[in-house]
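Participant: Got a structure for you, questions after.
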Amino acid sequence: MNCSTAWAALKTLEGGIQLSLQEESSAQQAAQELAAWLSKLQLEDAVQTLLIPNDTETTLVCTLRPEIQQAWMPEHDTLSLHQGLAHLGLAQDPVSLDREILVALLGSPCRFKFADLGALASHVRVRRHMTLAARKTALAFKTEAAERPERYWHYDEEHGFILQPGVCLIDALISATQPEVTGRLYDFSCYRASEYVILLGIAQELKEHHPHLLLELQKTNERHAIRSGQFHDVFLIEYGSMDKPLPTRYYVPGDRLWFRNPDERSSDVMGYEGSWVIYMGGGLFSNFWERDKPFTLESKAIEIYHWRDGVHTDAQGQLQMNEHVVAQHVAQTCASPQATQDVLSRMLRMRDPQGVYASGGCIDSTREYPRGVSSQHCELVLPVF
């Protein structure tokens, strides 16, 4: 492929990373700084870049080279990316984890846009913090319960769990989710736990690089919990759509995502509508109930499939889930290659639309990641309570 053909091909790509800069000189400087960063991560030969000037700004587009994309992420499959990067399972050191995050972004099927290189670096660090926090997070298995360490949190009916005056937000989040700190597991849902993991990742980035915003975030959490739909609106960006779904095996470390329960009856059990997880890299997803047994895509799909076998009606006429029965069916399926294949062929499909229970599987079309919090180009606007 000659230079002009390669330039045209790169310009038309929809994926990868885009830095939008005001002047061509700043774009060229960003390209040099990016090259130095890639060299430090031993990725200088894996990436192609293109400067695209126009009337208002100069765009720097960065993607994986086609041959690297095919070798490391064929069809945007990131679940084996760690093997292409020569990482052994979950990358433990920050450099290796940053490599995995950045390569997954560079090989994305959709374009990730950042204001400058600093915003991109901040985004990678937040994802790294989230990923490491997700690996350490463990909860007690009570989907309907809600408790927090009293030293750091108190509950208000109107405002939710809010910080005790004067305690550190980072310490409070760690104490609620990482049992080594307090010596016990706390009861709350995987959905709320995912919010705490995201908030912790953001707060750790702010401590080092945007302390003024951390102070605002601290004060906000002393007045009112940001949770559920409001949490999504304030902190997160959703990418992919039902009309243009993400590939079923494309995940970036630090993504939050939902696996849907496609069985209508068992999805009526509170906490079993689906499962919220964090992708932790290395082909593994968080398991907040048994953190030493993280899920693969396949093991998560098989577990959710067998929720239909564990659902039953109690003496009060309420639907309940028997996890022991679920575990028995999971073991039986995993012992049979044919049964495993049958379940996976049913489950590893895009989910049906909300309210529809037909032929869809458990895979969602979208993922979520935190809004930018770099000091120069902050996208996060906190609500006023």
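The values are calculated or read from the model by the stated rules, or taken from the named source; none is laboratory data. It should be emphasised that the depicted structure is a prediction, and the values quoted were computed from it without experimental measurement. Virtual Cβ from ideal backbone geometry, glycine too; neighbours counted across all protein chains shown.
Participant: For the range 329-340: of the residues being in contact with a helix residue (DSSP H, G or I) (Cβ under 8 Å, 6 or more places away or on another chain) and free of Cβ contacts under 8 Å to residues at least 24 places away in the same chain, which is surrounded by the fewest Cβ atoms within 10 Å (Cβ to Cβ)?
Facilitator: Ranking the candidates gives Q332 first.
Participant: When the residues of the range 21-39 are filtered to those that are farther than 26 Å from L97 by Cβ and buried (at least 17 other Cβ atoms within 10 Å of the Cβ), which remaining residue is modelled with the highest pLDDT?
Facilitator: Step by step, filter the range 21-39, then rank; the result is L21.
Participant: Within the range 121-132, count every residue that is over 14 Å from the mean Cα position of the chain (by Cα) and surrounded by fewer than 24 Cβ atoms within 10 Å (Cβ to Cβ).
Facilitator: 1
Participant: Where residues in the range 45-60 are assigned to a strand (DSSP E or B), at pLDDT below 90 and in contact with a Leu (Cβ under 9 Å, 6 or more places away or on another chain), which of them is surrounded by the most Cβ atoms within 10 Å (Cβ to Cβ)?
Facilitator: T58
Participant: Would you please list the contacts, defined by Cβ atoms under 7 Å and residues six or more apart or on different chains, that run from a residue in the range 150-163 that is free of Cβ contacts under 8 Å to residues at least 40 places away in the same chain to a residue that is crowded, with 19+ Cβ neighbours inside 10 Å and among the polar types (S, T, N, Q)?
Facilitator: Matching pairs, first to second residue: Y152/S175.
Participant: Given the conditions (1) β-branched (V, I, T); (2) surrounded by fewer than 18 Cβ atoms within 10 Å (Cβ to Cβ); (3) in a strand (DSSP E or B), and given that I162 satisfies all but one, which numbered condition is not satisfied?
Facilitator: Unmet for I162, out of (1) β-branched (V, I, T); (2) surrounded by fewer than 18 Cβ atoms within 10 Å (Cβ to Cβ); (3) in a strand (DSSP E or B): (2).
Participant: Which is within 24 Å of the chain's Cα centre (by Cα) and not basic (K, R), of D55, D77, D45?
Facilitator: On inspection, the qualifying residue turns out to be D77.
Participant: Taking S359, is it more than 19 Å from D309 (Cβ to Cβ) and among the hydroxyl-bearing types (S, T, Y)?
Facilitator: In short, yes.
Participant: Now a separate question. Can you list the helices (runs of 4 or more DSSP H) found entirely within the range 75-152 that contain at least 3 residues being at pLDDT 95 or above and in contact with a helix residue (DSSP H, G or I) (Cβ under 6 Å, 6 or more places away or on another chain)?
Facilitator: Answer list for the range 75-152: 94-106, 117-136.
Participant: Among the residues in the range 209-228, are any of a type in the set (S, T, Y), surrounded by 18 or more Cβ atoms within 10 Å (Cβ to Cβ) and under 21 Å from Q178 (Cα atoms)?
Facilitator: no
Participant: Okay, next question. Condition first: on the phi < 0 side of the Ramachandran plot and surrounded by fewer than 17 Cβ atoms within 10 Å (Cβ to Cβ). Now tell me which residues in the range 257-288 satisfy that.
Facilitator: Residues satisfying the conditions are E264, R265, D268, M270, E273.
Participant: Next question, about the same structure. Considering only residues of the range 165-182 that are in a helix (DSSP H, G or I) and of a type outside the set (A, V, I, L, M), which is farthest from I226 (Cα to Cα)?
Facilitator: Ranking the qualifying residues of the range 165-182, first place goes to E180.
Participant: Scan the range 67-123 for residues that are of a type in the set (D, E) and farther than 21 Å from I202 by Cα and jot them down.
Facilitator: Listed by number, the residues that qualify are E67, E75, D77.
Participant: Additional query: If you go through the range 341-364 one residue at a time, how many are out of contact with any Phe, Trp or Tyr (no Cβ under 6 Å at 6 or more places or on another chain) and either surrounded by 17 or more Cβ atoms within 10 Å (Cβ to Cβ) or hydrophobic (A, V, I, L, M, F, W, C) (or both)?
Facilitator: Within the range 341-364, residues that are out of contact with any Phe, Trp or Tyr (no Cβ under 6 Å at 6 or more places or on another chain) and either surrounded by 17 or more Cβ atoms within 10 Å (Cβ to Cβ) or hydrophobic (A, V, I, L, M, F, W, C) (or both) number 8.
Participant: Six or more apart or on different chains, Cβ atoms under 7 Å: show the pairs whose first residue is in the range 65-93 and over 20 Å from L246 (Cα atoms) and free of Cβ contacts under 8 Å to residues at least 24 places away in the same chain and whose second is not in a loop (DSSP other than H, G, I, E, B) and not aromatic (F, W, Y).
Facilitator: R65/V47; R65/Q48; G84/A71; L85/R99; L85/E100; L85/V103
Participant: Across the range 166-220, what is the number of residues that are under 18 Å from L382 (Cα atoms), free of Cβ contacts under 8 Å to residues at least 60 places away in the same chain and of a type in the set (G, A, S)?
Facilitator: Of the residues in the range 166-220, 1 are under 18 Å from L382 (Cα atoms), free of Cβ contacts under 8 Å to residues at least 60 places away in the same chain and of a type in the set (G, A, S).
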